[in-house]
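Asks: Here it is, the structure in full.
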Amino acid sequence: LDKYLFQANVRRDGSSVFAPGRHYGVFPAFSAGWRISEESFMENLAFVSSIKLRAGWGQLGNANIPSYAWISTLAVDGGYVLGNSQARYPAYFIEDMTNEDVKWETTTTTDVGIDFSLFDGAVSFVGDIYEKKTTDMLLRGTIPQSAGFSNGPIINIGEVKNKGWEMQLTYQNRFNELNTALSFNLSQNKSEITDLGGVTPWIEEGVLKYDEGLELGTFWGYQVEGIWQNHDEIRNNAHRPNDRPGMYRYADLNGYDDEGNLTGQPDGIINDADKTILGSYSPSFIYGFNMEFDYKGFDFSAFFQGEADKFLAISSNDGANGEGENENIPQYYFDNRSILDANGNVVSGSLPASGAVTDDGLWDSSEIQNVSYLRLKNIQLGYSLPKPLISKLALKNVRIYLNATNLLTWTDFVGYDPEFKGGEGGDGAVSDSGIDFYPLHKTIGGGLQITF
């Protein structure tokens, strides 16, 4: 019986955020496993400690919407003066359009994995491949302003698919008096909007585009080719009507035909047709590395964490990059203010002129920064006093240690913290470069642990 594993369950969740008749959702799940190492044909493979194949399928529900969103509620306006009286009478109005048919959002996950250990557990591996499909997504619908409501109803619409894999490799062994433990984890997840349910594609915060076939967190805007150097260069190339020297030069990537369809070819005009994918807030890889050593009372541990190919939209509208007039200019702008020839003469500006970038609501690649990083999250060094010494004092253990967190970070990000979360848009993908929060603290400390 230890060779074959099977588990199944069904959960029925209820929530009052849905209308009567829609309170409950049923979500089944099952998993199965096969301990291959228990089979007779594995007996001659002495170096194999264990191998197990796993597979699972299950559903989970999401009810993360405001309470009683299906009930019409009244909001109070500032009030109006009626008749000859100077008193203001409050005005009541229905704020949100409601939807009694809204139901549970469902995420269906299929997972296949393998666990194995070798050489009496010295080497172990855990790996999974999965697919998650979210249907009946809970989103707020859009309505025309003429409808008379502040907000549209919450509706079930659209589908998002996530595919990915994750693994962890661990090595632990003892060499005489040296104990060693090393582990490495790596994961990748790719999302795709597979169905918008007939809703017109939209752009959130002016830069996050939601459309079928795109990844969640896709940044959409103009590709910067350089800086306009003079008026002749502007006249002889595709440009915007208000372009002038010192402003960003946008790439002419696409155009419209007479019927308003995209041609896929440059047309000598810079407009919405030239916007393109500038990156994604979702990292290509998330990884981590942990090491632990113990030798004759000394112990050492360190943990590294990082993300690769992750981007963040940095809003210049808030003055975070100091691109406007009378605003603070970061040091990296001063260091890269121009390109010089061999004789030290300025041949071109590499950054926009002061006041050349205005709050026009246009997003471009200069505002999409790569926030990939590798960070030493924690490092600790300790020493435990010898047992014969402390036993005379009726103590079980005495340990002295030094510890540091967030000590080192490797990144090309010019802001305070590449792990910053709390901006606008999906998952805080649109940031103001952290001008309104403090940098991440580096902490160094020590301690004494005594066990009686």
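The values are calculated or read from the model by the stated rules, or taken from the named source; none is laboratory data. These numbers come from a predicted model, not from an experiment. Heads up, the Cβs are rebuilt from the backbone with ideal geometry, glycines too, and the neighbour counts pull from every protein chain shown.
Asks: Residues R22, R11: which one is among the charged types (D, E, K, R), under 30 Å from Y130 (Cα atoms), modelled with pLDDT of 90 or more and not in a strand (DSSP E or B)? Lay out the reasoning, then the answer.
Replies: Working: R11 fails: not in a strand (DSSP E or B).
None of the others qualify; the one that does is R22.
Asks: Which one is farthest from S284 (Cα to Cα), of the residues in the range 122-140 that are part of a loop (DSSP other than H, G, I, E, B) and within 26 Å of the chain's Cα centre (by Cα)?
Replies: Of the residues in the range 122-140, the ones part of a loop (DSSP other than H, G, I, E, B) are 122, 136-137.
Those left that are additionally within 26 Å of the chain's Cα centre (by Cα): 136-137.
Details: D136: 26, M137: 24 Å.
Looking at residues that are part of a loop (DSSP other than H, G, I, E, B) and within 26 Å of the chain's Cα centre (by Cα), I get D136.
Asks: Return the total of residues in the range 208-225 being touching a Leu at 6+ places or on another chain (Cβ under 8 Å) and among the hydrophobic types (A, V, I, L, M, F, W, C).
Replies: Just the residues of the range 208-225 that are touching a Leu at 6+ places or on another chain (Cβ under 8 Å), to begin with: 210-212, 217-223.
Retained after the next criterion (residues that are among the hydrophobic types (A, V, I, L, M, F, W, C)): 219-220.
Adding up the residues that qualify gives 2.
Asks: Please tell me if L395 is exposed (fewer than 14 other Cβ atoms within 10 Å of the Cβ) and in contact (Cβ under 8 Å) with a residue 24 or more places away in the chain. Step through it out loud before you land on a result.
Replies: On the way: exposed (fewer than 14 other Cβ atoms within 10 Å of the Cβ): no; in contact (Cβ under 8 Å) with a residue 24 or more places away in the chain: yes.
No, not satisfied.
Asks: To continue, here is another question. For the range 356-452, please list each of the strands (runs of 3 or more DSSP E) lying entirely inside it that holds at least 1 residues being modelled with pLDDT of 85 or more, hydrophobic (A, V, I, L, M, F, W, C) and more than 18 Å from the chain's Cα centre (by Cα).
Replies: Values: elements: 368-370, 373-384, 397-411, 443-451.
The qualifying strands (runs of 3 or more DSSP E) are 373-384, 397-411, 443-451.
Asks: Against the definition (buried (at least 18 other Cβ atoms within 10 Å of the Cβ), farther than 30 Å from L74 by Cβ, among the hydrophobic types (A, V, I, L, M, F, W, C) and touching a Ser or Thr at 6+ places or on another chain (Cβ under 9 Å)), how does F184 come out, yes or no?
Replies: Details: buried (at least 18 other Cβ atoms within 10 Å of the Cβ): no; farther than 30 Å from L74 by Cβ: yes; among the hydrophobic types (A, V, I, L, M, F, W, C): yes; touching a Ser or Thr at 6+ places or on another chain (Cβ under 9 Å): yes.
No.
Asks: If you scan the range 88-111, which residues turn out to be in a strand (DSSP E or B) and either more than 30 Å from D128 (Cα to Cα) or among the charged types (D, E, K, R) (or both)?
Replies: Going through the range 88-111, the residues in a strand (DSSP E or B) turn out to be 88-89, 92-94, 96, 105-111.
Once the filter is applied, which keeps residues that are in a strand (DSSP E or B) and either more than 30 Å from D128 (Cα to Cα) or among the charged types (D, E, K, R) (or both), the range 88-111 yields R88, Y89, Y92, F93, I94, D96, E105, D111.
Asks: Since L60 meets every condition but one in (1) assigned to a loop (DSSP other than H, G, I, E, B); (2) aliphatic (A, V, I, L, M); (3) surrounded by 15 or more Cβ atoms within 10 Å (Cβ to Cβ), which condition does it not meet?
Replies: All conditions are met except number (1).
Asks: Residues that are within 34 Å of the chain's Cα centre (by Cα), closer than 28 Å to T109 by Cα and without any contact (Cβ under 8 Å) to a residue 24 or more places away in the chain: does the range 34-47 have at least one?
Replies: No.
Asks: Looking at (1) at pLDDT 85 or above; (2) surrounded by 11 or more Cβ atoms within 10 Å (Cβ to Cβ), which is the one condition that is false for N44?
Replies: Looking at each condition in turn, N44 falls short on (2).
Asks: Still on this structure, I have one more. Picking from I227, I234, I270, which residue would you name as being in contact with a His (Cβ under 7 Å, 6 or more places away or on another chain) and crowded, with 17+ Cβ neighbours inside 10 Å?
Replies: I270
Asks: On to the next question. Between a first residue in the range 153-171 that is more than 23 Å from W104 (Cβ to Cβ) and a second residue that is surrounded by fewer than 16 Cβ atoms within 10 Å (Cβ to Cβ) and among the aliphatic types (A, V, I, L, M), which pairs have beta carbons less than 6 Å apart while being 6 or more apart in sequence or on different chains?
Replies: W165/I129; Y171/L182
Asks: Hey, G260 hits all of (1) in a loop (DSSP other than H, G, I, E, B); (2) under 12 Å from Q223 (Cα atoms) but one; which does it fall short on?
Replies: The failed condition is (2).
Asks: Next question, about the same structure. Considering only residues that are part of a strand (DSSP E or B) and surrounded by fewer than 17 Cβ atoms within 10 Å (Cβ to Cβ), which ones fall in the range 141-160?
Replies: The first filter runs over the range 141-160 and keeps only residues part of a strand (DSSP E or B), leaving 151, 154-156, 159-160.
Across the range 141-160, the qualifying residues are N151, E159.
Asks: Follow-up. State whether the residues of the range 73-80 include one that is touching a residue at least 24 places away in the same chain (Cβ under 8 Å) and either closer than 30 Å to T218 by Cβ or surrounded by 13 or more Cβ atoms within 10 Å (Cβ to Cβ) (or both).
Replies: Restricting attention to the range 73-80, the residues satisfying the condition of being touching a residue at least 24 places away in the same chain (Cβ under 8 Å) are 75.
Going one step further and asking which of them are either closer than 30 Å to T218 by Cβ or surrounded by 13 or more Cβ atoms within 10 Å (Cβ to Cβ) (or both), we end up with none.
For the range 73-80, residues touching a residue at least 24 places away in the same chain (Cβ under 8 Å) and either closer than 30 Å to T218 by Cβ or surrounded by 13 or more Cβ atoms within 10 Å (Cβ to Cβ) (or both): absent.
Asks: Also: Looking at (1) within 22 Å of E95 (Cβ to Cβ); (2) at pLDDT below 90; (3) part of a loop (DSSP other than H, G, I, E, B), can you tell me which one D2 breaks?
Replies: (1)
Asks: For the range 191-202, indicate whether the set of residues that are at pLDDT 90 or above, under 27 Å from the mean Cα position of the chain (by Cα) and among the polar types (S, T, N, Q) is non-empty. Please lay out each step first, then the result.
Replies: Taking the range 191-202 as the starting set, the residues that turn out to be at pLDDT 90 or above are 191-195.
Restricting the remaining residues to those that are under 27 Å from the mean Cα position of the chain (by Cα) gives 191-195.
Checking which are among the polar types (S, T, N, Q) leaves us with 191, 194.
So far as the range 191-202 goes, yes, one or more of its residues are at pLDDT 90 or above, under 27 Å from the mean Cα position of the chain (by Cα) and among the polar types (S, T, N, Q).
Asks: Which of the residues that make up the range 1-33 are aliphatic (A, V, I, L, M) and within 24 Å of T108 (Cα to Cα)? Don't jump to the end; show me each part of the working.
Replies: Initially, the range 1-33 is screened for residues aliphatic (A, V, I, L, M), giving 1, 5, 8, 10, 17, 19, 26, 29, 32.
Those that are aliphatic (A, V, I, L, M) and within 24 Å of T108 (Cα to Cα): L5, A8, V10, V17, A19, V26, A29, A32.
Asks: Something else about it: Scan (1) under 30 Å from S72 (Cβ atoms); (2) β-branched (V, I, T); (3) modelled with pLDDT under 90 for the single condition V160 breaks and write down its number.
Replies: (3)
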